[in-house]
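Data block below; observations after.
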Amino acid sequence: MKYLQQYFPIDNLEDFKLKMLNWADRFNIFCFLDKHHYNNKSQTFDCILAAGSLQRINFEEAGSFMRFKDAFDPNPCWLFGHMGYNLKSEFFPSVHEKEDITGFGKGLFFEPEFIILIKNNIVQIQSYKKVCIEVFEEINKTTEIVKGFENPIINPRINKEAYLDTIEKLKWHIQRGDCYEINFCQEFLADNAHIEPLLVYQKLSQLSPNPFAALYKLDDKYCICESPERYLKKTGQQIISQPIKGTAPRNKKDKHSDEKNRESLLNSIKEKAENVMVVDLVRNDLSRVCIEGSVMVEELFEIYTFPQVYQMISTVKGVLPVNITFAEIIKATFPMGSMTGAPKHKVLQLIDEYECSDRGLFSGSIGYITPYQDFDFNVVIRSIFYNRSKSHVSFWAGSAITFYSNAEEEYKECMLKAEAIIQVLTD
């Protein structure tokens, strides 16, 4: 479909983003992706918004994801949307599914009515239904809707004692050779909860901005995401993945202590062991779809700085053959190794056995595909999920469990990752 296209300068990016999000919330579906000024050479824009739907492609029916190419090929277009954790059942049929309370399902992509890209304070509007200047004027006239909400009462799905006991059981599986590393996550939730997603996103962005942030609305459901992690990015025939394994707290009040935490993470044998395991898993996944000999590690054990934490990140890249499809790439790599473990098939079974609820969109992915079949997708972590119809709010936190894991320390890591979200929902 042919879009109208026009460029407009803006004076204040943050003010325009708030107006743009309030404007977008009138639609049943929108996807907003924001890098929050992080200087990442692989980012192609400062932020991007897709709003309204010309068509939706849903992956709930068995086998539908692998037929995705049939829907995309006749009409190459921009597609935005998500892949839920339960998409794994398309690739690992023996792994069971639990009930997805949040309601996002296996996945969905949509072709937007409007696409708004911003870079260097220049707004590019692509509009299928309206003259672009009308869209720009509508956004600028939009009044920011700021509403308060009653703080939800948040409870963990499992108590601390049950969590510690589960970690010991998982270490037993590692000792007997069932797996080498497993990402175990716990859910925090609030029922009869009513929040204002745009306000929560604004607060979370101010407290803990991250380079793969997203605000995603699907009918009555919202994902408020401040993710630091990229799942996959394809540019031409090159593909990169940037798994995270290794976390240390920040101490912005004490520079010496803060730097000591960074150095401790950099020199941690345990954290490096976790990271190299997931790097090997990603290398193996990419080698299934990349040209032989092209997969390489560009960065290993790099320490990235974020507002709340330091993270150990590695970058793995490869070269894809010309005729590879999006569905084939995802089949080889999903769910991402940083959120599962190794070997992947076995840990998926253990996650299903030991986690008390379905992950839903958590540890899935949000992103986009261009008409040229390039794409970029994040890892959905550090995220709040809100089902307005069910008055249900939830979020997750997890960590990688290895033979050397200390259950108390793993619990502390979960709480560290959940800290910003808890603060936003309860302050």
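The values are calculated or read from the model by the stated rules, or taken from the named source; none is laboratory data. Nothing here was measured: the structure is a model prediction, and the numbers come from that model. FYI the Cβ positions are ideal-geometry reconstructions off the backbone, even for glycines, and counts take in every protein chain you see. Each accessible area value is taken on the protein alone, full model and side chains, heavy atoms only, with ligands, DNA and RNA left out. Shrake-Rupley method; radii C 1.70, N 1.55, O 1.52, S 1.80 Å.
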In whole Å, how far is the Cα centre of the range 87-123 from that of the range 168-239? 13
Any idea how far the Cα center of the range 374-427 sits from the one of the range 43-60, in Å? 24
Heavy-atom accessible area of the chain with neighbours in place, 1.4 angstrom probe: carbon+sulfur share in percent works out to 50
Integer Hz, Karplus 6.51/-1.76/1.60 couplings in order for the range 272-288, x for Gly and Pro: 5, 5, 4, 5, 5, 5, 6, 4, 4, 5, 5, 4, 5, 4, 5, 5, 6
Pop the C-beta distance of Glu137 and Thr235 into the FRET formula with R0 = 30 Å and round what comes out to the nearest 0.05. 0.35
Could you work out [θ]222 nm for the chain from helices alone, using -39500 (n - 2.57) per DSSP H run of at least four and dividing by all its residues? Round to the nearest 500 deg cm²/dmol. -9000 deg cm²/dmol
Give, in nm to one decimal, the length gained when the segment between Ala62 and His36 is fully stretched (0.36 nm per residue of separation minus the Cα-Cα distance). 5.7 nm
Would you kindly state the longest site-free stretch of the chain, with sites defined as trypsin sites (Lys or Arg not before Pro) in a DSSP loop (not H, G, I, E, B) surrounded by at most 11 other Cβ atoms within 10 Å? 254-427
Under 12 Å from the 7 Å Cα→Cβ point of Glu302, by amide nitrogen: which residues of the range 311-345? 312-317
What residues have an amide H closer than 5 Å to that of Leu300, excluding those fewer than 5 places away on the same chain, when H is modeled at 1.01 Å from N in the peptide plane? Thr315
At R0 = 45 Å the Cβ-Cβ FRET efficiency linking Glu292 and Lys270, nearest 0.05, sits at 0.85
Only one of the listed values, [x] 21.0; [y] 19.9; [z] 22.1, was derived from the coordinates as mean projected area of the Cα convex hull in nm²; which label is it? [y]
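Below 8 Å between Cα atoms, with a sequence gap of 6+, how large is the relative contact order for the chain in percent?
Normalised by residue count, the contact order of the chain is 23 percent.
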Loop-exposed GluC sites (Glu not before Pro) per DSSP, neighbour cap 13 Cβ within 10 angstrom, longest uninterrupted part of the chain: 151-291
